[in-house]
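See structure below.
The values are calculated or read from the model by the stated rules, or taken from the named source; none is laboratory data. No experiment lies behind these values; they were computed from the predicted model shown. Note that we place each Cβ from the backbone using ideal geometry, even for glycine, and neighbour counts take in every protein chain shown.
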Amino acid sequence: MAGRRSGFYAGCLALIFLLACEGVLEPQPVDRITDDQVLTDGGSAQVVVSGIYRGLANMATPKVIAGDMMADHLQENGTFTQYIEIGNYDLSASNGTASALWGVIYSTAYRVNFLLEGLPEVTGLIDTDRARLEAEARFIRAYGYFLGAYTFGDIPIVTTTSISDNRNVGTVPVNEVLDFVEEELLFTIDKLPTIPSNAGFLSNGAAKAALARFYLYREDWESAERYATEVIDGVNTDDYTLEGNFEAVTDDFSSESILEIVYSANDNPGTSTNFGINNLLVGRREIIPRDQIISALRSIGGDREQMLEFDADNLSGSDNGWTVTRYGPFTNIPLFRLAEMYLIRSEARTQQGRITGTNGGLQDLIIVRQRSASADNLQSISGQSQLLQAIQQERQVELAFEGHRWYDLKRTGSASSVMNSVSPNWSDTDLLWPIPLREIQNNPALANAQNPGY
């Protein structure tokens, strides 16, 4: 069954690629999306879900740019206005990357709504497949809204395909968005496969990993620890295992991969904001690493420094000569992996006051550190605040260029203290991205919803 499903998806992806890509490069306002697929039977339902997966893929690179370029990991090094704005912490409401991310969140939500509205009437599906399709769709919609809430703040929740409703839909408070995300993610538990055909498809482990991250951000330490532990322990002890070295982590479908975006040669259209991560980092070097992350990776030692490469021929002006080599031409982008779960559990346990011992936060931190570098200097850690600082430092280097840093700085309340030393342009208004101008122009309910500073 897994092989048939994987083969079917591969065929579907080619069919819908142009449609999915176009929706991100030129995102349509929410009120202008119309039905572009037919939902009649099991086969067409699978095609719609494949399109929803492509929406998830289209969120990946903008999320990496937001998470690392808005922080102290990446800087602009080219001529593209959208990256110059981000790198200088001077975004306009017309920024292309912000518009792309907003556009794909809502075009994907629309496709999910289309599926959910029609799925009850679809024939030729057994109950478990129907439940799986619904869970996959609701997970991806939830992931999009989670990302949207922590990137843009108050945003609309769109749960219908009604054009008249979507033409005038206002924002709701971010906490209401997150309540919706929590409900959606909890729905998916035990409705997704235990063992998917590969980590490019959703699984029950991915649902629990998403909940672990969700509760970490919400500072529900007990729930974050619980779901991270369920992923770490797995159904079988070898569901996911940490790789022996970091080089293996950067390979597609590593043993610690829980969910990743799968790319192929068809998915790298030049300098697009959705798929062209390797082209931006290596081909054009439109974006390069900041000195802060270079120093952090080099000072900690170990093999994570291989994510960077230095070439003296590149030295010129503000170009420091370094290149991010984390991604090859078609390397998948990880969304969830096991090392993050250890770090989530480490932080959650530490926040609950459990520092040492087998159930303390220090032990999980050591497990992650010793895979890639010496853990000797961790043995002297004492006290909650010191351990929390060490965990954040580990997240910075372990999860570098996967789109976490800006969100970590914000949720821990350390963004301004860190970023004021990075750029004189940083201000507290950079804690959120602007709602795209096009959306405000086309949706009267957003007229007064723009975030401060834009």
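Counting only residues that are surrounded by fewer than 16 Cβ atoms within 10 Å (Cβ to Cβ) and under 29 Å from Ala199 (Cβ atoms), which one in region 304-324 is farthest from the chain's Cα centre (by Cα)? Taking the candidates together, the pick is Glu309. Residues that are exposed (fewer than 14 other Cβ atoms within 10 Å of the Cβ) and of a type in the set (Gly, Ala, Ser) were ranked within region 162-177; the one that is nearest to the chain's Cα centre (by Cα) is Ser162. For beta carbons closer than 6 Å, sequence separation of 6+ or different chains, a first residue in region 207-223 that is surrounded by fewer than 20 Cβ atoms within 10 Å (Cβ to Cβ) and a second that is assigned to a helix (DSSP H, G or I) and of a type outside the set (D, E, K, R), the qualifying pairs are Ser223/Tyr215. Selection of region 91-134 for residues being in a helix (DSSP H, G or I) and among the β-branched types (Val, Ile, Thr) yields Thr97, Val104, Ile105, Thr108, Val112, Thr128. Do you know which residues across region 385-422 are buried (at least 19 other Cβ atoms within 10 Å of the Cβ) and among the hydroxyl-bearing types (Ser, Thr, Tyr)? Residue satisfying the conditions is Tyr407 alone.
Scanning region 370-407 for residues that are over 21 Å from Thr325 (Cβ atoms) and touching a residue at least 60 places away in the same chain (Cβ under 8 Å) yields a count of 4. Which of the residues that make up region 141-162 are touching a Lys or Arg at 6+ places or on another chain (Cβ under 9 Å) and without any contact (Cβ under 8 Å) to a residue 24 or more places away in the chain? Listed by number, the list is empty, since nothing qualifies.
Take Ala390 and decide whether it is under 19 Å from Gly302 (Cα atoms), of a type in the set (Gly, Ala, Ser), modelled with pLDDT of 95 or more and assigned to a helix (DSSP H, G or I). When the stated conditions are applied, Ala390 passes them. Looking only at residues of region 427-443 that are surrounded by 13 or more Cβ atoms within 10 Å (Cβ to Cβ) and not in a loop (DSSP other than H, G, I, E, B), we find that the one that is farthest from the chain's Cα centre (by Cα) is Asn442.
Every condition in (1) touching a strand residue (DSSP E or B) at 6+ places or on another chain (Cβ under 9 Å); (2) within 23 Å of Thr194 (Cα to Cα) is met by Ala137 except one, and the failing one is (1).
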